[in-house]
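Derivation of every value follows stated rules applied to the coordinates shown; laboratory data play no part. Everything numeric here is computed off the predicted structure, so don't read it as measured data. Cβ: placed from backbone, ideal geometry, glycine included. Neighbour counts: every protein chain shown.
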Amino acid sequence: MSLANSTIVILGGSSGIGLATARAAIAEGAQVTITGRSPDRLETAKAALGNRAKGVALDVLDQAGTERLFTELGRIDHVFITAGAVLFDPGLGVELDSIRPALETRFWGAFNAAKFAASKIPPGGSITFMSGAAAIRPIRGASVATASCAAVEAFARALALDLAPVRVNAVQPGLIDTPFLDTLGARRDAFIAEYAKRLPVGRPGRPEEVADAVLFLMKNGFVTGITLTIDGGGVLT
Ligand SMILES: NC(=O)c1ccc[n+]([C@@H]2O[C@H](COP(=O)([O-])OP(=O)(O)OC[C@H]3O[C@@H](n4cnc5c(N)ncnc54)[C@H](OP(=O)(O)O)[C@@H]3O)[C@@H](O)[C@H]2O)c1
């Protein structure tokens, strides 16, 4: 299935994996709408992507805004939802309100997008959710964020049945070198180096490598209900 002249929406597309996916899709002839919360980040991304990209400032948890976005767009061929908060928690003693975003952004963000996009996607089109290798190899101290990854994987399998012939999949990256890792501050480089040592490929992934996997999920009309792992062999070690 070609992406030429297709319309793609990437929720969380102004940085990292989403931005790399937008760039790769545009290179294959798609029109892309990206979203993100920060208007400045969106402007920078749009300038980098050129005139086949539109940007809309939107939080994935904004249900009314998500409905408006998909209502205003005409036909949509593929949707990719990358937004997902990763919060660290001190265990089960955590205050519920402080940890809610770790589950809600990834899960209800995915739900909102699917809810308002599904009826606009033609047979064979697709929705892709963002999971993470933590679903298989949990991150110590991030149990809720870890559970959110497993939740969207199961959601993808369930929706692959409910929304058929629209296809629904999840992508499950391992450690990918994106601005997301800047949240580690001064520990960033040491963390990446330590993590990379145990990977069979010996390095973190690049956002373009995940983008390539997402484009595969969009283009292969026989693929639905799967989780595609892109982790440099990390789940093996
Ligand atoms: N990098 C990794 O190692 C890795 C591994 C596994 C899974 N993941 C997952 O991959 C996803 C993308 O990560 P990344 O590495 O590409 O990070 P990134 O470079 O920080 O990009 C995140 C993107 O999502 C947007 N975003 C975040 N929260 C949002 C919200 N509530 N509503 C709308 N947009 C939102 C950000 O824009 P604004 O901040 O302006 O909203 C930005 O465009 C995340 O879900 C992350 O958990 C990353």
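What FRET efficiency, computed as 1/(1 + (r/R0)^6) with R0 = 35 Å and r the Cβ-Cβ distance, is obtained for Thr44 and Arg137, rounded to the nearest 0.05? Here the calculated transfer efficiency is 0.60. Does the stretch 7-236 classify as rounded, prolate or oblate by the C-alpha gyration tensor (a ≥ b ≥ c root eigenvalues; a/c under 1.5 gives rounded; else a/b over b/c gives prolate, otherwise oblate)? Since a/c stays below 1.5, the shape of the stretch 7-236 is classed as rounded. Highest mobility in the GNM of the chain, judged by mean-square fluctuation with C-alpha springs under 10 Å and restricted to Asp97, Asp89, Asp212, is found for Asp97.
Exposed loop sites, defined as trypsin sites (Lys or Arg not before Pro) outside DSSP H, G, I, E and B with at most 10 other Cβ atoms within 10 Å, are absent from the longest region of the chain, namely 141-237. Centroid-to-centroid, using Cα positions, the stretch 142-174 and the stretch 16-32 are 21 Å apart. Placing pseudo-labels 7 Å out from each Cα toward the beta carbon at Val223 and Val235 gives an inter-label distance of 1.4 nm.
Spacing of the modelled spin labels on Lys115 and Ala154, each 7 Å from Cα toward Cβ, amounts to 1.9 nm.
Per-residue 3J(HN,Hα) values for the stretch 6-17, derived from phi via the Karplus relation 6.51 cos²θ - 1.76 cosθ + 1.60 with θ = phi - 60°, read 7, 10, 10, 10, 10, 8, x, x, 8, 7, x, 5 Hz in sequence order (x marks Gly and Pro). Please give the residues of the stretch 109-130, grouped as numeric ranges, whose backbone N is less than 14 Å from a label point set 7 Å along the Cα-to-Cβ vector of Arg75. Within reach of a label on Arg75: 120-126. A Förster radius of 30 Å, combined with the Cβ-Cβ distance separating Arg68 from Leu161, puts the computed FRET efficiency at roughly 0.60.
Of all lysines in the structure, those lying under 22 Å Cα to Cα from Lys219, and not within fewer than 8 positions of it along the same chain, are Lys54, Lys115, Lys120. Under a Gaussian network description of the chain, with springs only between Cα atoms under 10 Å, the residue in Ala47, Ala150, Ala83 that fluctuates furthest is Ala47. With the charge dipole of the chain set up from +1 on Lys and Arg Cβ and -1 on Asp and Glu Cβ about the Cα centre, the Cα lying farthest toward the positive end among the listed residues Phe88, Gly36, Pro123 is that of Pro123.
Here the Gaussian network model covers the chain, with springs between Cα atoms less than 10 Å apart; of Gly13, Gly74, Gly205, Gly74 fluctuates the most.
The angle separating the long axis of helix 63-72 from the principal Cα axis of greatest extent in the chain is about 40 degrees.
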